């Protein structure tokens, strides 16, 4: 593979663009220059750190360290799901439901891909395992966060209708079916949209990266397709798990709607 | 029929009473006294302590959906889960007769639920609950938004159901309605339930 390597000067040139727009913000008094520069700095530091960590992990090819890195990613993503709940499940529950659903979905899908389609040697080779896990989890996380939020929000808004169904003898599953459907539709909307728009509107980052690195476009497309299917599978698995566990937490064994278990009640 | 022993929950002190087959108990009390809390606890919509039995069977031994079919509850502001009225009934066509009796205009089925008046929705929610043939019906101001004529129609329909054995726990703000419809009258204040004073009962 031959690809054009970037040196410090090339990066500096692209960073000049950021400085340029910051200057523009100063001139126009938009007051976004501070946030923009801080975010840019954070991005540079975080990615540099990840680069170092990945280099080390790729050298080691150790199941223990690869597993620990994967675990750290899952825990960060769980925190992100918790932070995105507004008046939803209480923080610990949101974290618990989100993290466990994500761990289950992302681990299943990643291990499935590594042992069947990609088959690196050894199967846990971090060069394959970690990027795959990262891409699957980034999307699964969004799906779970959206699904849980829509579920709790919908149960609040449609409380009267849900309780009317319960009063007429519906089970909790049946009374909450409309809300369950809405939650899953919301959770899967981003991935369905991106499946439909990929290639026409956007060229996915991973595929673009491979093409820039000199890979034949057809091969890059094959990889991208596999990733998209894995993401769709992971997101669906994670969102369905999280929404169903959430459904149980929102109700009890006597088929009652338990909004008192939500934050801010 | 319905036996309540030391039923309590936050906002409701331990409450005991018995509601017989075909009996009607009227429940009055100031706003926020716990009337709705009591009805919701009886319908098992909220957790509560104590014992509730139906024909001698403890509530815990009856699956909750089945319990709520036998002990119906019509809240003061009934909920609707679909804009199509027909979705709320097992068989809307068979409701034409009772709907006419309750002075509900025949065109309601063509309108969206959100376009119906409060009074229409209140009476339709009552029909919806009656369709499941409950043994006990918990009513939270079923005639609150109704005019005199419709109120009389609701009372007449419920009296007929009562003669077939339906037991009623009827929350009302109207003292005269309580005297008209009920065998016994309860008063609730700050979560404490008591049977109306004897002299008040004799005054009727």
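The values are calculated or read from the model by the stated rules, or taken from the named source; none is laboratory data. Computed from a predicted model, the values in this text were never measured in an experiment. We place every Cβ from the backbone using ideal geometry, glycine too, and count neighbours over all the protein chains shown.
Structure data summary
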quantity: Sole exception among (1) away from every other protein chain (no Cβ under 14 Å); (2) out of contact with any strand residue (DSSP E or B) (no Cβ under 9 Å at 6 or more places or on another chain); (3) not in a loop (DSSP other than H, G, I, E, B) for residue B:124, by number; calculated: (1)
quantity: Sole residue being within 30 Å of residue A:265 (Cα to Cα), within 14 Å of another protein chain (Cβ to nearest Cβ) and outside any helix (DSSP H, G or I), chosen from A:170, A:160; calculated: A:170
quantity: When residues of region B:48-67 are limited to those that are closer than 21 Å to residue B:166 by Cβ and free of Cβ contacts under 8 Å to residues at least 12 places away in the same chain, the one nearest to the other protein chains (Cβ to nearest Cβ); calculated: B:65
quantity: Residue in region A:22-40 that is nearest to residue A:212 (Cα to Cα), counting only those that are more than 29 Å from the chain's Cα centre (by Cα) and in a helix (DSSP H, G or I); calculated: A:22
quantity: Criterion: under 17 Å from the mean Cα position of the chain (by Cα), surrounded by 20 or more Cβ atoms within 10 Å (Cβ to Cβ) and without any contact (Cβ under 8 Å) to a residue 60 or more places away in the chain - qualifying residue of B:146, B:168; calculated: B:146
quantity: Region A:41-61 - residue that is surrounded by 15 or more Cβ atoms within 10 Å (Cβ to Cβ) and in contact (Cβ under 8 Å) with a residue 24 or more places away in the chain and, of those, nearest to the chain's Cα centre (by Cα); calculated: A:54
quantity: Of the criteria (1) surrounded by fewer than 16 Cβ atoms within 10 Å (Cβ to Cβ); (2) touching a residue at least 40 places away in the same chain (Cβ under 8 Å); (3) part of a helix (DSSP H, G or I), which one residue A:122 fails; calculated: (3)
quantity: Matching residues in region B:68-93 - criterion: being over 20 Å from residue B:158 (Cα atoms), free of Cβ contacts under 8 Å to residues at least 40 places away in the same chain and at the interface with chain A (Cβ under 9 Å from one of its Cβ atoms); calculated: B:79, B:81, B:82
quantity: Boolean, residue A:165 is within 11 Å of chain B (Cβ to nearest Cβ), surrounded by 23 or more Cβ atoms within 10 Å (Cβ to Cβ) and more than 13 Å from the chain's Cα centre (by Cα); calculated: yes
quantity: Pairs, first touching a residue at least 40 places away in the same chain (Cβ under 8 Å) in region A:19-37, second surrounded by 15 or more Cβ atoms within 10 Å (Cβ to Cβ) and part of a loop (DSSP other than H, G, I, E, B), C-beta under 9 Å, six or more apart; calculated: none
quantity: Evaluation of residue A:139 against (1) surrounded by fewer than 21 Cβ atoms within 10 Å (Cβ to Cβ); (2) assigned to a helix (DSSP H, G or I) (one fails), failing number; calculated: (1)
quantity: Flag for residue B:44 being at pLDDT 95 or above and over 19 Å from residue B:162 (Cα atoms); calculated: yes
quantity: Unique match (being touching a residue at least 40 places away in the same chain (Cβ under 8 Å), away from every other protein chain (no Cβ under 14 Å), closer than 30 Å to residue B:44 by Cβ and in contact with a helix residue (DSSP H, G or I) (Cβ under 8 Å, 6 or more places away or on another chain)) among A:183, A:239; calculated: A:183
quantity: Yes/no for residue A:176 being within 14 Å of chain B (Cβ to nearest Cβ), free of Cβ contacts under 8 Å to residues at least 60 places away in the same chain and crowded, with 21+ Cβ neighbours inside 10 Å; calculated: no
quantity: Unique residue being more than 20 Å from residue A:159 (Cα to Cα) and either within 14 Å of another protein chain (Cβ to nearest Cβ) or touching a helix residue (DSSP H, G or I) at 6+ places or on another chain (Cβ under 7 Å) (or both) when the list is B:118, B:151, B:143; calculated: B:143
quantity: Selection count where residues are in contact (Cβ under 8 Å) with a residue 40 or more places away in the chain and crowded, with 18+ Cβ neighbours inside 10 Å, scope region A:246-259; calculated: 8
quantity: Selection from region A:85-103 of residues that are free of Cβ contacts under 8 Å to residues at least 60 places away in the same chain and surrounded by 16 or more Cβ atoms within 10 Å (Cβ to Cβ); calculated: A:94, A:95, A:96, A:99, A:103
quantity: All positions within region B:84-115 that are under 21 Å from the mean Cα position of the chain (by Cα) and part of a loop (DSSP other than H, G, I, E, B); calculated: B:89, B:90, B:102, B:103, B:104
